[in-house]
């Protein structure tokens, strides 16, 4: 452990938790290392998942390898051969992985699939996305929707939902007033 690491809140000494072949609800420590384990909520300065699963991961530096997570929120996230539903990071690095929704200041993607990715700077190689938004995008990216197509799709869906709503109101059977004797 480096000298700059502070103890976990509520503790006098830095806390390290190592899990192997275990399942847990909440895991909170300065350093969390999980191997072939599962947890609902993980919080730590340094978190590493290997062949593990987590519902929520929060930390400074998160490293995920051959694992799955629902939500990851950290300063720096490195993902290799893994799946994330949603990720938010200042620096996001994905290699041979899949992410549903991601936001980052800087994103580095290599042989990755993403649903929606928004980042200020994206460096990509052999990457496929449904929608990618970025100020600077460099590299090989195949995108199904560009921002114009996404706007048109959203407008079209909005108009369709509005029209169905109006039609349902027009053709809804009106309730009859009850007769009282």
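Nothing in this text is a laboratory measurement; each read-out follows from the coordinates by a stated rule. Remember, it's a predicted structure, so these values are computed and weren't measured experimentally. Using ideal geometry, Cβ is built from the backbone for each residue, glycine included, and neighbour counts are taken over all protein chains shown.
Assorted remarks:
- The modelled label-to-label distance for the pair residue 165/residue 144, using points 7 Å beyond Cα in the direction of Cβ, is 2.5 nm.
- Residue with peak Gaussian network fluctuation, the chain [Cα springs, cutoff 10 Å], from 131, 157, 101: 157
- Shape category assigned to the chain from the gyration tensor of Cα positions, a/c cut at 1.5: oblate
- Overall shape: oblate for segment 103-145, with the ratio a/c of the largest to smallest alpha carbon gyration tensor axis at 1.5 or above and b/c at least equal to a/b.
- 18, 43 arranged by Cβ crowding within 10 Å, fewest neighbours leading: 18, 43
- Shape of segment 37-98, Cα gyration tensor, a/c cut at 1.5: rounded
- Computed on segment 16-165, with alpha-carbon pairs under 8 angstrom and 6+ residues apart, the relative contact order is 10 percent.
- Crossing angle, helix 147-171 versus the chain [Cα axis fit, 0-90 degrees, rounded to tens]: 40
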